[in-house]
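To start, the structure under review is shown below, and the notes come after it.
Read the figures in this text as sums done on the coordinates, not as results from a lab. Note that the structure is a prediction, hence the values are computed from the model and not measured. Cβ placement follows ideal geometry from the backbone for every residue including glycine, while neighbour counts extend to all protein chains displayed.
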Amino acid sequence: MKRGRRWYAVSAGITVVALAIVLWVLLLLAKDGLAGWHWSRLTRFPRELRSGGGIAPELVNTVSMVMLAECFSAPVGMAVAVWLTDYAPPAAWVGWLKRVLIGFQSIPAIVVGLIVYQTLVDGLGWPLSVGSGTIALAVLNLPAVAVLGATVLSEVPGRLREGSLALGATRIQTVWRLMLPAALPALIDQLGYSWARLAGETAALIFTAGINVGPRWGWFQPGETLAVHFWYVRTEGAMPDWRMVAAATGLVLVTITAGAVLGAKLWAARILAKRGVGVSERG
Amino acid sequence: MAAITMERVSVWYGRVKALNDVSLEVEPGSVLALIGPSGCGKSTLLRVLNRLVERTPAARVAGRVLIDGHDILAPDVDLALLRRRVGMIFQRPVSFPFSIFDNVAYGPRLHGMKNPHQLRRVVEGSLKQAALWDEVRGKLRRPAHGLSGGQQQRLALARALAVNPEAILMDEPTSSLDPGSAARIEELVVHLKGQYTVLIVTHNLQQAARVSDFTGFLDRGQLIELGETSQIFTAPRDRRTEAYLTGQFE
């Protein structure tokens with residue numbers, strides 16, 4: 001066999017194995033989750049000791065907390081990203097700042113959770129709640145938005161920026177009217193991944209949002225999410241159908257995260273198609 | 001139309017001197033071609049005139065540059081206003097990732113034009129001036145990226161014209177285009193003569209001879225010679241100019 005073929009076979013083999021592992025996990029979830037599936041699980045409250053519990057509050061908490069966390073962290077993170085790419089002086093300390101931001105992303109989420117716990121719950125007396133959990137997610141998301149946003153913005157060709165400045169645009173006008181619109185498809189794509197990452201977060205939420213749900217949604221109501229519920233039911237669930245409830249929760253979580261990622265991709269692709277990029281990027 | 005005067009202008013990039021004591025005058029409404037070997041400072045000279053040169057880290061400019069008698073290097077100069085008066089098109093055509101209409105309307109919108117009828121008039125007028133109107137009428141909502149390279153360069157020209165500049169800087173505007181598209185840009189330059197002061201940097205000597213009233217030859221940051229184009233090409237005064245024009249250079 002030729003050398004190139006052998007490496008092709010090796011890399012293809014590794015890919016197949018990796019995909020098989022992911023598929024296996026999904027199949028396990030589907031097997032248990034779909035076994036006693038009923039759509040009413042989406043609208044019912046969870047049951048602690050009896051079977052047939054639902055995940056309605058967890059679903060609402062997940063969607064609302066992730067959405068609110070993005071609302072807090074995306075604008076602030078993008079402001080940092082714009083400053084890093086278009087305003088920061090070409091100095092050494094700016095390079096270090098970027099490295100620190102990248103480093104922040106590798107801080108374990110549980111540490112972020114504990115810091116938020118100490119500040120909000122211990123310090124300000126907030127309950128374990130939707131609010132505390134949302135703030136924890138926002139803090140967790142902030143450096144990621146800043147770093148990814150800066151990467152996306154710096155991929156907008158510099159000659160576009162110069163073209164705008166040469167027309168008499170100020171820097172801030174160039175950011176608002178050219179850079180952000182030009183980067184929009186890539187930013188939307190990243191928003192999908194960011195949404196998925198936050199929806200799957202557990203460690204930062206156990207200490208901040210808690211492992212309970214309230215009778216109604218509220219900023220200071222307990223804020224258990226789907227991912228936390230999955231973890232809780234798998235490890236400590238006392239309901240007879242715990243295996244099924246956990247798997248169903250996992251399936252719903254996988255579905256909404258995949259939906260977010262795919263939806264973002266489609267949205268971004270639509271914008272690109274409208275702009276004619278990829279159709280014929282000539283000259 | 002703007003009269004441009006440079007008095008003893010020098011530019012440094014860090015310790016490298018890119019432009020050395022250049023003095024020149026450009027008559028309003030005329031076309032000045034700048035020729036010279038790569039790295040001689042032609043583009044730097046253009047970028048001094050709209051002060052894009054300052055975007056290069058560690059760039060420093062000395063001397064005086066007057067446009068219609070105003071010192072544009074003064075610290076209190078409104079850069080946005082200066083760049084509105086001195087338009088620029090680049091070597092590779094720059095199309096923003098928007099529709100053809102929004103590309104041309106970008107400048108007028110920046111400067112506060114909101115009325116759709118007014119915008120439409122400006123866009124149509126600018127596209128006609130750039131000789132692109134007949135090819136894109138009825139397709140103004142289509143993406144600019146769908147145009148050919150030559151069309152995109154004319155679109156860039158239309159976008160520059162839409163803010164009503166007095167001078168236009170062209171940095172090798174045809175070097176990335178095929179001969180046919182290049183010829184159309186040349187026609188446009190000749191056409192714009194008299195209405196705008198044009199400075200065009202080019203590596204194509206025939207092009208300089210065809211489109212310009214005056215030609216300046218730069219070498220290693222120095223303006224060696226500047227004169228009427230016919231004189232430069234037929235009877236250069238400096239030995240180095242002659243050597244460059246006859247291909248005996250480097």
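Summary table below
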quantity: The one condition in (1) part of a loop (DSSP other than H, G, I, E, B); (2) surrounded by fewer than 24 Cβ atoms within 10 Å (Cβ to Cβ) that B:P173 fails to fulfil; calculated: (2)
quantity: Hits in the stretch B:49-63 (condition: more than 20 Å from A:R159 (Cβ to Cβ) and either in contact (Cβ under 8 Å) with a residue 60 or more places away in the chain or within 9 Å of chain A (Cβ to nearest Cβ) (or both)); calculated: B:A58
quantity: Criterion: farther than 20 Å from A:F220 by Cα, hydrophobic (A, V, I, L, M, F, W, C) and in contact (Cβ under 8 Å) with a residue 60 or more places away in the chain - qualifying residue of A:A136, A:A150; calculated: A:A150
quantity: Within the stretch A:162-182, considering residues that are among the polar types (S, T, N, Q) and more than 7 Å from every other protein chain (Cβ to nearest Cβ), the one surrounded by the fewest Cβ atoms within 10 Å (Cβ to Cβ); calculated: A:T174
quantity: Whichever residue in the stretch B:138-155 is in a helix (DSSP H, G or I) and more than 7 Å from chain A (Cβ to nearest Cβ) and, among such residues, is farthest from B:L199 (Cα to Cα); calculated: B:A144
quantity: Residue ranges of helices (runs of 4 or more DSSP H) in the stretch A:167-283 with at least 2 members under 24 Å from the mean Cα position of the chain (by Cα); calculated: A:180-199, A:203-206, A:226-236, A:242-275
quantity: Qualifying positions in the stretch B:156-170 - part of a loop (DSSP other than H, G, I, E, B) and at the interface with chain A (Cβ under 10 Å from one of its Cβ atoms); calculated: B:A162, B:V163, B:P165
quantity: Count of the stretch A:208-228 residues which are among the hydrophobic types (A, V, I, L, M, F, W, C) and surrounded by fewer than 21 Cβ atoms within 10 Å (Cβ to Cβ); calculated: 4
quantity: Residues being away from chain B (no Cβ under 11 Å), surrounded by fewer than 21 Cβ atoms within 10 Å (Cβ to Cβ) and assigned to a helix (DSSP H, G or I) - total across the stretch A:148-161; calculated: 2
quantity: In the stretch B:60-84, residue farthest from A:G168 (Cα to Cα) [restricted to those that are of a type in the set (K, R) and out of contact with any Phe, Trp or Tyr (no Cβ under 9 Å at 6 or more places or on another chain)]; calculated: B:R64
quantity: Spans of helices (runs of 4 or more DSSP H) in the stretch A:47-126 with at least 1 residues at positive phi and in contact with a Gly (Cβ under 7 Å, 6 or more places away or on another chain); calculated: none
quantity: Of all residues making up the stretch A:249-268, the number that are surrounded by 15 or more Cβ atoms within 10 Å (Cβ to Cβ), of a type in the set (A, V, I, L, M) and closer than 15 Å to A:V66 by Cβ; calculated: 7
quantity: Residues of the stretch B:1-42 satisfying the condition of being of a type in the set (D, E, K, R), in contact (Cβ under 8 Å) with a residue 60 or more places away in the chain and on the phi < 0 side of the Ramachandran plot; calculated: B:K17, B:E27, B:K42
